[in-house]
Amino acid sequence: MTKTRDLADLGGGFIQAGTGAQQRTVESKLQDVVSVKDFGAVGDPVAIQAALTYAIANGKVVGFDTDATIRIPDDAPTLQDAMDHATVLGPYEIDLVIQSGHQPNSGVDVSNGDYGFFKISSIDAVVTLGATFPATAIIRGTYAKMPTLNCLIDANGKGLDGYFAQSSSTGNVSVGCGIDNAQQHGCHARSGSSVQCGGALFRNASQVTPAYSGILSWGSIVYASAADVSNSNYYGAQAAAAGLLYFRDGIANGCARHNIRATNAAVVNARDASAQNGGVSGVRSFDTGIVNANGVNVTGSATGLWCQNCSQMYANNAIANSTTGSVIFCDSGSKVVAPGITATGTAAATVVRSENGSNVFLDGAIFSNASAKALSVSGSSSVTMTGGSLTGGDGASLLSVSDASKVYLSGVNTACSGTEPYLATVGLASELSIFNGTHTFPNDSVNLTQGSFLRLHGSGITAASVPGVLNDTLYGRGIMWGGA
């Protein structure tokens, strides 16, 4: 049987269990947590305001045993005041509502605890930060479960990072909510943290110094499907330092450098994302980064897909129209797999460049341009393509293979669009294999030089159209050796 005791039986004293505990009065103990009921009915705005005013003035905490709404600034002057002086006594939620017209001049910094029962909302569609907001993160968590951001904030270039989870913190940003115009990163997860922000908005980031991202996952995990990071003054959506970023169906258009980027062993899933009009590239994987860019649209970017320094990129059925530079640039031991990619209207730049030990796979690709070389392969690199078509030319050739490199075309239709002297140039111990397909060229087919190797079968290309062949009788076996 449990025996209950009246408070008076405690003799006016209370001692907490544990060595070193000091005696306190029962009244003092009960005042550790302030109840709204001490000031009126539960849910009564007047009672909530009175309870919080008392708690803030006296260093106390108001405990809520039901869902509650705290108005900012009527009930608590700042978001930080509310979080420091309110808690829940059970599985409840506290909605911190920024009132109409209020412009916060201070942010939120939580650490070493669970603040996930807080939700930051607003009456206005957009909350603008105040003119005196300091140079600090707008919402930061350190070793914490962070409050949910449930409104859209216009940072107006104030503060530093927008929503910043660091040191194993977790956070959430609701759909259609987020932080636009951040001075630095719009959303930043760092050092083992995770943020759920699908459909969130982190546009126009890196307002002051061009060095930051709309979203950055640094050694962390960010789930940002269908999020929008467009028009950042540096990077759009980025993962670095072995971080993971899920950006499927995301929008990252018009960023000053790379719309989407993975670097330093990071992985980005950007399937079906829009990465158009990137100032330097639509999608970039760098320094062992990996990007799933299947179905991505990089139309109008300077370089469509840029893969460098032992990195990988997968871009099935990507769209890369009217890039001002190359559609694909694969360099320094990297790999791009882009079957079904289509590109038209590329400016005067080589459409696909595979260089310095890199490999590109283009089954079913369609490249059509009247003023650019379709393939340039050099430095012990390769391009493999089955099916699809290559149309264009830069006045010299449609294809260029050099420096111990290899190109394999099977069932690919090729056509020079101008008066190029060659369909392809192959030199410096390189190899070109052309099987089947149709091939249209105004002059010679292949300029084969410097110990290079040519395989032909079912292509309709005759030996007479290949200058420099040492022994044209080998043509019957589909093999030609280049001249000196």
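Only the coordinates and a few stated rules stand behind these numbers; no lab work does. Computed from a predicted structure; not experimentally measured. In this analysis, Cβ positions are derived from the backbone assuming ideal geometry, glycine residues included, and neighbour counts consider all displayed protein chains.
Annotations
- Exposed trypsin sites (Lys or Arg not before Pro) absent: longest stretch of the chain, with sites in DSSP loops and at most 14 other Cβ within 10 Å deemed exposed: 6-484
- Crossing angle, helix 45-58 versus the chain [Cα axis fit, 0-90 degrees, rounded to tens]: 90
- For segment 100-315, radius of gyration divided by Kirkwood radius, i.e. Rg to Rh on alpha-carbons: 0.97
- Rg to Rh, two decimals, where the chain supplies the alpha carbon set and Rh follows Kirkwood: 1.23
- Segment 268-372 shape via C-alpha gyration tensor axes, a/c threshold 1.5: rounded
- Normalised contact order of segment 53-161, rounded percent, pairs of Cα under 8 Å and 6 or more residues apart: 24
- Extension gain (nm, one decimal) between N105 and D403, 0.36 nm per residue minus Cα-Cα: 101.2 nm
- Mean Cα-pair separation over length for segment 325-484, i.e. relative contact order, pairs under 8 Å, 6 or more apart, %: 15
- The antiparallel fraction among DSSP beta bridges confined to the chain stands at about 5%.
- Net length available on complete extension from A396 to T19 is 127.0 nm, with 0.36 nm assigned per residue and the Cα-Cα distance removed.
- Normalising the average separation of contacting C-alpha pairs (under 8 angstrom, six or more residues apart) by the number of residues puts the relative contact order of the chain at 5 percent.
- In the chain, lysine pairs closer than 21 Å at Cα, eight or more apart or cross-chain: 9
- Using θ = phi - 60° and Karplus 6.51 cos²θ - 1.76 cosθ + 1.60, couplings along segment 373-381 (whole Hz; Gly, Pro as x): 5, 6, 10, 10, 10, 8, x, 6, 10
- Calculated mean residue ellipticity, 222 nm, the chain: -1500 deg cm²/dmol, from DSSP H runs (n ≥ 4) at -39500 (n - 2.57) each, averaged per residue and rounded to 500.
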